[in-house]
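Worksheet: one structure, shown below.
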Amino acid sequence: MKNLFVKREIEYTGKELSPHWIYKNFGICEDCIVAFIGKVRVGLEEMVDIEDVINVEPISSDKMLNFIIECFDCSLSEMVYRQRLFVAVIKETLEKYGKTVLRDGDDLFYDGKKLSVSIATKSLTSTLIHTALNIVSEGAPIEVSSLFDLGIDNVDILAQDIMNAYCKEVESIYLAKCKVRGVVE
């Protein structure tokens, strides 16, 4: 699985969570994960989480670390498992930085406040995940925690550490699948 940290800021509007967005913008045409920093403004018309639409809870933040993962051979159920794995990898990576965060499903919390957003979805050609961490607390519709609150300012290094750890997990899972002998009765 390839990974890429995009050095320029990109505003995340929800339209980026679409098939081949990574390929069209960065030339990667395979399973991959891309990270970028930017403002987040997802209106209800672009929301993928129907529960958030019903509850009229758009997503916004002045600055987030965004990750988009695209896979071409996963079912939606498998992608939800990968989403949970990815959020667990983020938690473990933050712990390596000496930070304590709590995970509840696909959400991360620090100091009792939400640190992340995450969703997995399916397109006609692939399955996708968007996960983002607040870099700052400003601009969110609710009180949130941020990487700034955690004392993390090298966000690009954190992003690369998270992507490397996730790719290592995915490659390890693939190897575990390939190295076993099948059994029959």
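List of remarks:
- Between 176, 21, 64, the Cα set farthest toward the positive side of the dipole of the chain (charges on each charged residue's Cβ, about the Cα centre) is that of 176.
- Distance from the alpha carbon centroid of the range 161-185 to that of the range 12-36 works out to 24 angstrom.
- Per residue, the accessible area of the chain comes to 54 Å² when a 1.4 Å probe rolls over the protein heavy atoms.
- Annotation: Cα Rg of the range 96-139 relative to the compact-globule expectation 2.2 N^0.38 Å equals 1.42.
- Diffusion constant of the range 1-120 at 4 °C, which comes from Stokes-Einstein with the Kirkwood Cα-pair radius and 1.567 mPa s, µm²/s: 84
- Sequence-separation-based contact order of the range 78-185, relative, with Cα cut under 8 Å and 6+ spacing, percent: 20
- Nearest-0.05 FRET efficiency for residue 62 and residue 7, computed from C-beta distance (R0 30 Å): 0.95
- About its Cα centre, the range 28-185 has a charge dipole of approximately 460 debye under the convention of +1 per Lys or Arg Cβ and -1 per Asp or Glu Cβ, with nothing else charged.
- Accessible surface ranking for 67, 148, 1.4 angstrom probe, highest first: 148, 67.
- Directionally averaged shadow of the range 80-185, computed from the convex hull of its alpha-carbon atoms, nm²: 9.5
- Distance between the range 127-144 and the range 72-98 - C-alpha centres, whole angstrom: 16
- Ligands, DNA and RNA left out, the accessible area of the range 1-101 computed with a 1.4 Å probe is 49% carbon and sulfur.
- Cysteines not pairable in the chain (beta carbon separation under 4.7 Å absent): 29, 32, 167, 178
The values are calculated or read from the model by the stated rules, or taken from the named source; none is laboratory data. Small disclaimer: the values here were computed from a predicted structure and weren't measured. Positions of Cβ are backbone-derived with ideal geometry, glycine not excepted, and every protein chain shown enters the neighbour counts. All accessible areas refer to the heavy atoms of the entire protein, side chains included, with ligands and DNA or RNA removed. Shrake-Rupley method; radii C 1.70, N 1.55, O 1.52, S 1.80 Å.
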